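Right, one structure below, let's go through it.
What follows draws every value from the coordinates through simple rules; no lab data is involved. In this text the structure is predicted, and so the values were computed from the model without any measurement. Counting neighbours? That spans all protein chains shown, and the Cβs are built from the backbone with ideal geometry, glycine included.
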Amino acid sequence: MKTICLYSVMSLLAASSAFADAGVQRLTSGATVRDVEISKERDSVVIAMDIDLSGMEVGRNRSVVVAPLFYAGEEWKWLPAVEVMGRRRYIYYQRNEESLYTEQPYSIVRHKKEEAQTVNYRIALPYASWMDRAELAITEDACGCGEVEKGSRTALAQADLVFTPRLAYITPQAETRKARSLSGEAFLDFPVNRTEIHPDYRRNAAELRKIRSTIDTIRADKDFSITQIMLKGYASPEGSQASNQRLAEGRTNALKEYLVNEYGIDAKLFRAEPGGENWEGLRKYVEESDLADKDAILALMDGEGDIDQKERNIRSRYPEAYRTLLADCYPALRRTDYTVSYTIRGFNVNEAKEIIKTRPQNLSLQEMFAVAQTYEPGSEDFNRVFDVAVRMYPDDETANLNAANALLERREAEQALRYLEKAGNSPQTDNARGVALILLERYDEAKPCLERAAQAGIREAEENLEASPIPLP
């Protein structure tokens, strides 16, 4: 005879779920359970334990059914039971094999009180996400009636199968020279056909103040050293190209001399370049304008021919548009681009830990990485470092990879994938992408990523393949 429903599942789950400490668990029948293990092997959950029947009391005509139960919330699964029979009950079973109390038992044992008897129980289940934190208990039916005696449910263990990503960070290459620069534009005014700097002429005081402010910002920081100041002056295209080239060169050199005298900076640090007529700026203005003759003017500018003749043709053919250009566009074309280049000294880890809080732009990626190594992976400080690093170096592949890894430590897969779009195609990136896809349960996409990384020698990828629920082929 076989019982239709072994036990009342809901009544069992309503019982106390407090688990005893790991070790030997004694059951109501006198049997003991030890060495309980719940592990995940690829797409399977393996449950193993040793059930020692030596101390069990079983009547000669009776059976005791020992059945493990694996459950979490409303999800549950009965595992194959062990049916232990007394001598006469076992003889009856041999003559009537359909007399089992359970279907497809794990093991049928004739109880021998005088002998040591242990069932080495091991079973593999198809993995399901509800099993990650599921609980394992064992129950006993000592009457052979399909009912569990009160108190005969014994807690054994709780699973901890949540996939823990193994991530491969990349140590950024150290910058041999931390070179930085600050740039800007100044719109200086000059008397007609003159090249001398007049600080009080029109708006020059404000424009010179912009340049001085940039230089002062760098000179004020003891960790900075100016390596070059580049000046490039442009003229508007009215008049001859030769004249405008001369004016652009003279005015750029005049600004250089002004700054040398103002700051006492070594003239060798300056690089003055005449930009000539600013046709690029003129074309951009016309292209973005709503001038009535815009298309014709653009075609004229893009065509073949002498540059001075082009300017004369615009003036003669489109006089209304030309007047607009003179008033609204040409003043902005007369500008000086300036770039102050400088280097930053290197910092030790203790210095970098303070600097990253207020001036992270002064640190190299390698210095930031060194700071991260002083924190616990996954901690708030650890994650903050990589978040700062990717903001300071948004296009750097290593910064994007490491920031993605930090997010994966927090299981934030969607955001991590966005960073991985800019992290290149290194084996470490393949590993991170595979982890993100596992967390999103996109296993078919994750598998080739991890396999590529593993084949490239990334140990973490091999571990992820082993620990993840990716189905075996």
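Here are the numbers for this structure:
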{"read-out": "DSSP bridge pairs, segment 68-149: antiparallel proportion in percent, nearest 5", "value": "65"}
{"read-out": "Table column - 3J(HN,Hα) (Hz), segment 221-231, Karplus curve with 6.51, -1.76, 1.60, x for Gly and Pro", "value": "9, 5, 8, 9, 9, 5, 10, 6, 10, 9, 10"}
{"read-out": "Ranking of 154, 252 by count of other Cβ atoms within 10 Å, fewest first", "value": "154, 252"}
{"read-out": "Rounded if a/c under 1.5, otherwise prolate or oblate - segment 170-234, Cα gyration tensor axes", "value": "prolate"}
{"read-out": "The chain: proportion of alpha-carbon pairs further apart than 38 angstrom, %", "value": "58"}
{"read-out": "Members of 210/232; 222/422; 210/294; 178/268; 178/357 lying beyond 24 Å, as alpha-carbon distances in this model show", "value": "222/422; 210/294"}
{"read-out": "10 Å beta-carbon shell around residue 89, net charge (K/R +1, D/E -1)", "value": "+4"}
{"read-out": "Extended-chain gain in nm, criterion 0.36 nm per residue less alpha-carbon gap, residue 35 and residue 198", "value": "49.7 nm"}
{"read-out": "Gain upon complete extension [residue 98, residue 306; 0.36 nm per residue less C-alpha separation]", "value": "64.3 nm"}
{"read-out": "Neighbour-count ranking [beta-carbon atoms within 10 angstrom, fewest first] of 345, 246, 166", "value": "345, 246, 166"}
{"read-out": "Computed label-point distance, nm, for sites residue 107 and residue 395 using a 7 Å Cα→Cβ extension", "value": "6.6"}
{"read-out": "Three-way shape call for segment 345-467 based on the alpha-carbon gyration tensor, with the a/c threshold at 1.5", "value": "prolate"}
{"read-out": "Histogram of C-alpha separations across segment 179-343, 10 Å bin width, %", "value": "10, 36, 28, 18, 7, 1"}
{"read-out": "Volume per residue that the Cα convex hull of segment 91-136 spans, once the total is divided by residue count, Å³", "value": "132"}
{"read-out": "Signed unit charges on C-beta, dipole axis of the chain, positive-most listed residue 228, 431, 58", "value": "58"}
{"read-out": "Anisotropy class of segment 299-384 from Cα gyration tensor, a/c 1.5 cut", "value": "prolate"}
{"read-out": "Residues 438, 314, 108 arranged by fewest to most Cβ contacts within 10 Å", "value": "108, 314, 438"}
